[in-house]
Amino acid sequence: MSWVITYAKNSKNFEIMSFLKYGLIFLFFVFLNSCNGERTKDRMYIPIKATTPCFRRLNATHQTGCSSVRGGSKGVVHYCTKEEDLQFILKNGTAGPYVPVIPVGLLTKKLVTVLEESTKISGLVLYLNNDTLNSFTHDLQCPNENFGVPNTCTKEENGGMWNQFGTGLLFEDITFPIFYMDDFNELHAVKECFEKFNNFSYETQRDRSLCSVQMNSFMYGAKNTPTCIRRSNIATNLNPMRVCDPLGDKNIWATLFPIAKYNNTTGEVKPILGQKYIIIAARSDTASMFDRTSGAESPITGFVTLLTTSKILKNMLPKNDGDYNTNILFVIFDGETFDYIGSQRMLYDMERGNFPVETENGTSTFLPVIRANDILLFLEFSQLSRTNEIVFAHRYKVDEMNDNFTRLLISNSPISITVEPSDGTLPPSSAQTFLREYSNISTIILANHQKQYSNKFYNSIFDNSSNINYKYNNKSSVLPSDSIQKHLYSLAYTVSKSVYQLITNKTWSDDDNAEAEYVDLVDELLHCYLEDQNCKIHQAVGKQPQKFHDNHTMSLYVGIDGSPSDATTLIGFILGWFTGDIVGESTQNCTNLSKNYAFRFYNMSVSTDKLNTTKCFSMVMNFTEAVSPAFIIEDYDWSSNKYSSWTESTWGEISMRLFLKPSAAQESMTMAIGCIAMIFSFFLVYLIKSRSHVLFTPEHVEPIPVDC
């Protein structure tokens, strides 16, 4: 029995030792968690969050924009306040590659070329300083010139370019990443790091630790659209991954009068045939070099004027009392910055009998099919800030219709606005898409410029409220006559009176009491898209796609197909709200009424002053695709240059962070110590393993008996 007692004692000792061991391990991890220790990598890097990157887009032949190397581009920070600081590091820098941090005003095409040719630059960071910017537009001098009417823009020294200050950098392939930083506190941290570690003894920089930055914005798309579409094609790729997506969103359309008859009893819908249409158009998109937009003058002044015009015309012509054969078709195109994506798609659908709804054989049982030949007049609102009292009516070809309408505009314009014809000129506009295929369409483009853009910040982040001298009034006082709010209202009212006269052959009697209401409406619309997306009008339509937790402005970039933007959705419902009719009380059944493309029913506020008082609205408003036909045509010839071919590259993490780069000597020493430690560890492991029978005495365990 002695061996039984011995075995029992050994087992009990083993259990006690196991308990103590696991208990100590548990206490060790509890201690670690209570310390809240910071990871080493988190102590090495300082993240810079308030940045927006330049990213890559592609068309049928080229790639444009920026990309970092895979894993992020790294470089030594060099803070510059003037161009001489940058030139100094290009000539005297000894510890490259560098990432210059420069004022945004220094960004020019010439500078980018110099930096690309230098082997000392791995990236670029821009910041806004107190210097006054005279211009900042990196679109082309002739925007969309290859997809419009030929010879409407000339690159001549006599000033034939519309966007005379354009550098074209938006459409250049830049070989290093560019980030824009707009947070003063984070900029101060970068500057402080530079001053402490970098800004002295440049000839000995390689001998000490330096403040550096890592910029991560690697783009997966490369070369051109046909290549990246092929790489994304699941049928030809065993390990598919989307490397680019077509640019696109939704076009918005609405009619002043119904285009179908609705039977409230049976729910039957029949199309109203034989109507002609006056198109009143604008665009809703803008762009910039960075993942951020503003778009005050272009496109906001244009579509705000359109929305105001729709509201005024709805009050002038609440219904088709005179059985008028002419209807108003309001259209807001998206994607026009990138070779007229939205207008190209709408014309493509019209030519195939698929507008306003897709059909099988060009006919519809509940909506009329609208074609290009049904357009009486194409009136477009372009850039309309108040640079002077003149609004130019551009008429590429003068015909009876646009000449008569121009005369109406001149006769109905108030003292504050002078409408002046500009014959033979056609600025970049959605109308160019239609005129390219149907030159007989009567067209007028209303703009604040005749030969060249007055907007020196076209398609850039600085086309903001300051650029159009806008300040939110919020009904606090009577606005001066030269305010942007009164200017846009006056133009909208002039157009509305002229359209009313064209349709009814009657003259509208002025209603002076309505002016203040419409001016406040323009003020609130500008506030929505320039300052606060949680504005009262967005609350009134009640269709916010998501809860806005801050007052940041919405992006007006076209985005990618399949991801409709908040701005497009809200603009569409505002247009529907302005042109819709109240059909009953606000109930849950309102949205359950007629489920078809001809009529839509929504609960909305009766006004911005009565947000809690809602009614059921019926509207003739809807969305159509704003994706280039190139992406839906089977075996499309990418070399034909017929349709827009723009795509956007996909990317992973976008980040920027500061860190302290060790000196070359320290890096070499660290490498040497690491190699020595590795070799020593190999020797130590071999030594221990070879002497394990001496160093570790095996525990003797009594065998378990098999017979008592």
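Okay, here's what the table says:
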quantity	calculated
Of all accessible heavy-atom area on segment 327-374, the percent that carbon and sulfur account for (1.4 Å)	37 percent
Estimated FRET transfer efficiency (Lys261, Thr608; beta-carbon r; R0 30 Å; 0.05)	0.40
Separation in nanometres of the label points that stand 7 Å from Cα toward Cβ, at Glu117 and Ser416	5.2 nm
The chain - Rg and Dmax from Cα coordinates, angstrom	33.3, 123
Rounded percent of accessible protein surface that carbon and sulfur make up, segment 200-321, 1.4 Å probe	50 percent
Distance in nm between pseudo-label sites at Arg242 and Glu84 (7 Å out along the Cβ direction from Cα)	5.1 nm
Ellipsoid equivalent to segment 392-458 - semi-axes via the Cα gyration tensor, in Å	20, 18, 8
Segment 336-418 - Debye-derived log10 I(q)/I(0), Cα point model, q = 0.18, 0.21 Å⁻¹	-0.93, -1.04
Under the span-like rule (Cα at least 24 Å along the axis, Kyte-Doolittle mean at least -1.0), DSSP H helices of the chain	2-35, 484-504, 664-690
Separation between Cα centres of segment 76-118 and segment 468-506, rounded to whole Å	47 Å
Heavy atoms of Lys109 accessible to a 1.4 Å probe, total area in Å² rounded to 10	90 Å²
Solvent-accessible surface ranking, highest first, for Ile582, Ile574 at 1.4 angstrom	Ile582, Ile574
Residue-level accessible surface for Arg242, protein heavy atoms, 1.4 Å, Å²	120 Å²
Sorted largest first, extent of segment 419-504 alpha carbons per principal axis (Å)	48, 39, 19
Centroid-to-centroid separation of segment 513-532 and segment 135-212 [C-alpha atoms, Å]	35 Å
Cross-link partners of Lys451 among aspartates and glutamates (Cα-Cα below 14 Å; sequence separation of 8 or more within a chain)	Glu156, Glu157, Glu420, Asp423
If the convex hull is drawn through the Cα atoms of segment 557-708, its volume per residue in Å³	605 Å³
Globularity ratio of segment 455-523, using Cα Rg and 2.2 N^0.38 Å	1.37
Nitroxide proxy distance, nm - points 7 Å out along Cα→Cβ at Ser454 and Asn315	2.6 nm
Radius of gyration, Dmax [segment 70-120; alpha carbons; angstrom]	10.8, 31
Residues of type aspartates and glutamates that Lys91 reaches as a straight line, Cα spacing below 16 Å, ignoring anything fewer than 8 places off in the same chain	Glu83, Glu116, Glu117, Glu203
Paramagnetic reach from Asp581 (point 7 Å along Cα→Cβ, amide N under 14 Å) across segment 262-286	262-265, 270, 272
Tail fraction, Cα-Cα pairs, segment 70-189, threshold 26 Å, whole percent	31 percent
With every protein chain in place, segment 493-544: carbon and sulfur % of accessible area (1.4 Å)	36 percent
Accessible solvent surface per residue of the chain, calculated while the other protein chains remain in place, 1.4 angstrom probe, Å²	49 Å²
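The values are calculated or read from the model by the stated rules, or taken from the named source; none is laboratory data. Every value quoted in this text rests on a predicted model; they were computed, and no experiment measured them. Cβ atoms come from the backbone with ideal geometry, glycine included; neighbour counts cover every protein chain shown. These accessible areas exclude ligands, DNA and RNA; they are computed on the full protein's heavy atoms, side chains included. Shrake-Rupley method; radii C 1.70, N 1.55, O 1.52, S 1.80 Å.
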